[in-house]
Structures are given as structure tokens and as C-alpha cells.
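*Asks:* Handing you this structure, nothing more for now.
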Amino acid sequence: MATIRRRSALAATAALLLAPAACTGGFGDLRLRIAAGNPGGVYDGLAQTLATAWQGDLDIPRPQVLQTEGSPDNVRRVLAGEADVAFVAADVAEEQHKTHLELAALARIHDDYLHVVVRADSGIRSMDQLRGHRIAIGAQASGVEFIAAKLLAAAGLNHAVSTSSHDLEDSIATLLRGDVDAFFWSGGLPTPKIVKYQDQLRLVDIGDQMPKMRALSEVYGTATIPASTYDQRAPVTTLVVPNFLVVRQSMNADVAEALVRGLFDARGRLAQTNRAALSIDVHPGIETQPLPLHPGALRYFRAEKT
């Protein structure tokens, strides 16, 4: 009984924190936690800027940015009540919404591009040539790991390679040491940590795998990473997946609407943090299928169209 009472008290406290302060006309002592990603990743950089923007726009304490393993971890935290807003890749959101209908989107934000990375002097130039090699497939419970498993299976390589789990920084380090032969990463363009080592790295074109990947999910698209992004000799074709800001349906509608407004008002600052944010816009922002928009977010988008 004590455990039930404690959980009820925690739930009541969370509900109060997500309700606007009626007496002040603002949001009072609203406190938010943003599930972001690995330090130095695009999620983390954008979340830090967004937290500062929301602090000023909503006149609230600066939201706490939680460093996490990525999209699956972020969804778990939102569902467990350990985070209020999360950056989540659309494929992970799609999978989780099948069994967790309480998930809702505030907006579609930037797109992530799948990076299949080898050393600059490697002879590997296609997915098939990864056969028999060692691959770092992202941190455990990350969006990279989620999409890597799908790509390796689609390419018929899930039993033909050896894999290990590393975050982005460790993936780069293990590749440059020669402990792995390739690593996977899914992130916005450019990803700062890859830029730092771009002279020693090369991207692998996976265009031949895209028909299989697009057959797996409608959220997957085909895109090009320009050669200039990482000072490569040639562009590569790869997979692109949108990102959403995800919350629970129970979030107060006024709060949700204010968060969406703050997001789009902060586009300039977000783009200064990372060029990936240049794609954040109201028109594609409403496109969060198959995840439904939160009612407060929908109210914002409807108002913008009038």
C-alpha cells in the first residue's frame, strides 16, 4: 500500500508540474526534463539550445537536458515518467506506438542520415564488402543499434559480421585503432565529432540497400550526403529518417502548445547550433505520421494556418 501511495503522490506531482500556473498567466514553476542523446551528438546540442529558448519563452527554470543512449532509451524514459520531452527517431517512435498509444508528437524536427563509416584507407566500399568484418553498431538501446539491426538483416549480413556496442566517440576511437573495421551512426548533418576526424574517415554508399529498407517502413527515405559535408571525394547515397519531439498524451495542452511555439521561434538559434536544424519548419513540422500530434501541438499548427 505504501508503494501505491508513493506512486500516486509522484503522479500527482508530475501532473501539477505539467499544468500552467493559472494565477500568474505564465507557467510558474513548471520543470521539464528533455531526453536528448550522447554528449557531442546532434540531439544533445539542439536540446541544450532548446532548453535555453524554452526557459526564456515560458519563463520557467531551465529544463534539464538528460544525456542518454538515444531514441529507444528516450522513449523508455518518457513512458516511465523520467523525462517529459524526448528526441526520438521516427522508426523507433513508429515501433513503440504500436504498443504504447499514450505517445504523441509535438513536431517533426530535423532528419537523421545513416552513416556507414570506414577508415579512409579501407578497401570496403559497399555493404556486401562488410561481410566477415567487425562493426560497431552504436550504444546499447540506441537508435543507431535499432536501425543497424534492420540494415544488416536487409543486407543478409546479420550472421556474417561480428558486432560490438559503442557510443559515437568510442566507435570512432575503436575504428581508428583498428579494433573494428566500420561503424554505424545515425545523426544530423553534419555530426560534429565526425567532422573532427573526417580526414581519417570515409563514408560507404548504401544506395543498393535502400529498396529493401524502404519496404520495411514508410518513414525511411533515400537521401544524399554531399561530399562537402565531411570533405569527402564523392557524395554517398544513404538512408534518412525524420526525428520527432515526443511527449505523453497527458501533457497539459497549453504547455504542449507553448513548447511547439518556442521550438519554431528558436529556429535561428537552433540552426546556429547545428545546420541540421535548418530543416525545422512549420510546414513539414506537422508531418509526424504514424505518431499522432499532441492536441496542444495540433492547436498550434491549426492557428498557424489561419
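*Asks:* Restricting the search to the range 209-226, which residues are open to solvent by 10 Å² or more (accessible area, probe 1.4 Å) and hydrophobic (A, V, I, L, M, F, W, C)?
*Replies:* Ala215, Leu216, Val219, Ala223
*Asks:* Might you check whether a residue that is touching a residue at least 24 places away in the same chain (Cβ under 8 Å), in contact with a Phe, Trp or Tyr (Cβ under 8 Å, 6 or more places away or on another chain) and more than 30 Å from Glu287 (Cα to Cα) occurs anywhere in the range 208-226?
*Replies:* No, the range 208-226 has no match at all.
*Asks:* For the range 214-261, which residues satisfy the criterion of being over 26 Å from Leu101 (Cβ atoms) and either at pLDDT below 95 or not in a strand (DSSP E or B) (or both)? Walk me through how you get there before you give the answer.
*Replies:* We begin by selecting, within the range 214-261, every residue over 26 Å from Leu101 (Cβ atoms); these are 222-240.
Pro226, Ala227, Ser228, Thr229, Tyr230, Asp231, Gln232, Arg233, Ala234, Pro235, listed by residue number.
*Asks:* If you go through the range 94-150 one residue at a time, how many are of a type in the set (A, V, I, L, M, F, W, C), surrounded by 16 or more Cβ atoms within 10 Å (Cβ to Cβ) and in a helix (DSSP H, G or I)?
*Replies:* Total satisfying the criteria: 5.
*Asks:* Taking Arg275 as the residue in question, decide whether it is in contact with a Ser or Thr (Cβ under 6 Å, 6 or more places away or on another chain), of a type in the set (D, E, K, R) and touching a residue at least 40 places away in the same chain (Cβ under 8 Å). Write out each step before concluding.
*Replies:* Details: in contact with a Ser or Thr (Cβ under 6 Å, 6 or more places away or on another chain): no; of a type in the set (D, E, K, R): yes; touching a residue at least 40 places away in the same chain (Cβ under 8 Å): yes.
So Arg275 fails the test.
*Asks:* Among the residues of the range 66-82, what is the count of those that are aliphatic (A, V, I, L, M), farther than 21 Å from Gly285 by Cβ and open to solvent by less than 40 Å² (accessible area, probe 1.4 Å)? First the steps, then the outcome.
*Replies:* Restricting attention to the range 66-82, the residues satisfying the condition of being aliphatic (A, V, I, L, M) are 66, 75, 78-80.
Add one more test, that the residue is farther than 21 Å from Gly285 by Cβ, and what stays is 66, 79-80.
Okay, now just the ones that are also open to solvent by less than 40 Å² (accessible area, probe 1.4 Å), so 66.
Looking only at that region, the number is 1.
*Asks:* Given the criterion out of contact with any Leu (no Cβ under 8 Å at 6 or more places or on another chain), open to solvent by less than 70 Å² (accessible area, probe 1.4 Å) and farther than 20 Å from Gly188 by Cα, identify the matching residue among Pro242, Pro290, Pro284. Full working, then the answer.
*Replies:* Working: Pro242 fails: farther than 20 Å from Gly188 by Cα; Pro284 fails: farther than 20 Å from Gly188 by Cα.
Matching residue, one of Pro242, Pro290, Pro284: Pro290.
The values are calculated or read from the model by the stated rules, or taken from the named source; none is laboratory data. All figures in this text were calculated on a predicted structure; none of them were measured in a lab. When we count neighbours, we look across all protein chains shown, and the Cβ atoms used for this are built from the backbone with ideal geometry, even at glycine. The protein model used for the area step is the full one, side chains on, heavy atoms only, and it has no ligands, DNA or RNA in it. Shrake-Rupley method; radii C 1.70, N 1.55, O 1.52, S 1.80 Å.
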